[in-house]
1. What single numbered condition from (1) modelled with pLDDT of 95 or more; (2) touching a helix residue (DSSP H, G or I) at 6+ places or on another chain (Cβ under 6 Å); (3) under 27 Å from residue 449 (Cβ atoms) fails to hold for residue 173?
2. Looking only at region 182-194, filter to residues that are part of a loop (DSSP other than H, G, I, E, B) and at pLDDT below 95; which one of those is farthest from residue 639 (Cα to Cα)?
3. From 179, 164, grab the single residue that is outside the structural domain of residue 548 (by TED's automatic domain parsing), farther than 30 Å from residue 334 by Cα and modelled with pLDDT of 95 or more.
4. For region 493-534, give me each residue that is within 31 Å of the chain's Cα centre (by Cα), assigned to a loop (DSSP other than H, G, I, E, B) and closer than 22 Å to residue 470 by Cβ.
5. From the residues in region 197-215 that are buried (at least 23 other Cβ atoms within 10 Å of the Cβ) and closer than 19 Å to residue 299 by Cα, which one is nearest to the chain's Cα centre (by Cα)?
6. For residue 282, work out the one condition from (1) part of a loop (DSSP other than H, G, I, E, B); (2) modelled with pLDDT of 95 or more it doesn't fulfil.
7. Please go through region 567-590 and pick out each residue that is within 20 Å of the chain's Cα centre (by Cα) and in a loop (DSSP other than H, G, I, E, B).
8. Taking the stated definitions as given, is residue 593 under 26 Å from residue 604 (Cα atoms), in contact (Cβ under 8 Å) with a residue 12 or more places away in the chain, not assigned by TED's automatic domain parsing to the domain that holds residue 500 and not in a helix (DSSP H, G or I)?
């Protein structure tokens, strides 16, 4: 802890360390404030990544039994897991997902011993996720809009009748480890592979993924470690002359601070972990005429940084006590084995510093500040629904979120009248509460509206009233929720939305432009066109519409498959899904490469490329063994990893897609071709260079 630097006035307190926790990667609290910790106990226990998929990982439950703020009791809640990667408390249950699986299970402790003894399948998909563990899903957060979001895949879930219903989104938001949301339901993803610390935050990904080149202040992607970082993958391509990491390369575990027990100027700030640089970035989030812009809160320095080689911050969270929590895996190697091969830059560095020897540890810290005391422990699970309603107005966002979630899960309709009064801003409801003598806040009213939406109890008359409210945050919320009626073709709702086309708030108008897409009514389409025409000067609204049109054209892939054999169509469709979930992270969703904020691309473009349209044997070799070194005179910060652990059909499908879409038009690749070349090069242990392949 002495090697961790934080600004004056801030301090770290140890909440838990080994042996209470080992290899922690994520933390969540249930309604009673008990902390669940996901432990990846097999992650990179040696440089080869041996035995990673052995089911010995687990989720433990930590409790502070004496009230001193430090965990003193650890119980193994779920044992024998394969690298658990997502958790979400749902009342007295815990929703979880393991690496290599799409299934979502809930676990419950029935007899009160702290160990799960009931297991139920909440979402069923027995397909095996064959992506590298760094490229699989994470997050699983219950957002303000009552949808459960995750990173990577173009899907979200809804809790309905004790099951999860899945909803597809236009495209993958492309995030990797971690997912955050703010007070108003805005989501923040991170993309480590492409060295992008934050993305897809301009609009909800349910409307499509929108990124803007100037969504970061100049220099935002530069990092400022307090020690050399020789173990950065890519070596000199990612380091300054003084051997410090020059920019994000492993951004993850982000969260928006929404607590009430740290200085007020910290609320709404985005915190991003960078475990390779051994630091945590604090970003100021600013709304500039509808565009969200991120800025480092400090000049050429970071909010938190360490000169301890094993400090690996990989997650952050606002706790029920109103403080910020930091999960430190405290692990030597922080690069998965796909990128630590015999010919990699990083393997000699791991050996040189003995990083492979530092395993089996882990720490969880709480950030505190002079003059602030952590808040009280919650006891929500046993409290009445009417009491939960009052927590919707709590100053700590953790309490508001969990009260809303519990009310929706309980489906207790007795609180609907109280929610309606709260949402409308009436004082009368609060007058009955002897301990509460003030009208509800804007955030309280917003949560009440969404709780009603989650209970399927939102009445149009209430929305009509809120659409005319003086606060633009409430008007925007009402527009968003009105989609329930717009999808049904409700003309009366459309009529109440029409005055907002000239709303004084760009945020309200932007949300209206998004929500109108949900209606098939001719009048809605006309309103949308008028709205776009009247806001041509607004960059965000117009960029969103152009992206929507581009996405619509991209989704018309089927037309280009006309006349092809059904088996070939199946290959291309399968490859399209894989490309969206995996390859687009570096090559871009349109295959033109991914570059945001003026940085060079992380991987070469594939769109309209002669090599992609050329000999498929070259492409097969690349996917099977990987590619390193310069490409067409350009050096990229990372290598193309080997994908040979995937079967022949997987390889063939990805290549078939990129050769049939993204501005390319070449023959599909069949599994038999992959099988033949796989056998020919079976003995090769290192990646190709382009010079070799061109021979």
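The values are calculated or read from the model by the stated rules, or taken from the named source; none is laboratory data. The model shown is predicted, which means the values in this text are computed figures rather than measured ones. Every residue, glycine among them, receives a Cβ derived from its backbone with ideal geometry; neighbour counts consider all protein chains shown.
1. That leaves (1) as the condition not met.
2. We begin by selecting, within region 182-194, every residue part of a loop (DSSP other than H, G, I, E, B); these are 182-186, 192-194.
Filter once more, so that each one left must be at pLDDT below 95: 192-194.
Numbers: 192: 14, 193: 10, 194: 11 Å.
Of everything passing the filter in region 182-194, 192 is farthest from residue 639 (Cα to Cα).
3. Values: 179 fails: farther than 30 Å from residue 334 by Cα.
It is 164.
4. 505
5. Looking at residues that are buried (at least 23 other Cβ atoms within 10 Å of the Cβ) and closer than 19 Å to residue 299 by Cα, I get 198.
6. Evaluating residue 282 over (1) part of a loop (DSSP other than H, G, I, E, B); (2) modelled with pLDDT of 95 or more leaves (1) as the failure.
7. Initially, region 567-590 is screened for residues within 20 Å of the chain's Cα centre (by Cα), giving 577-589.
Residues satisfying the conditions are 588, 589.
8. Numbers: under 26 Å from residue 604 (Cα atoms): yes; in contact (Cβ under 8 Å) with a residue 12 or more places away in the chain: yes; not assigned by TED's automatic domain parsing to the domain that holds residue 500: yes; not in a helix (DSSP H, G or I): yes.
The answer is yes for residue 593.
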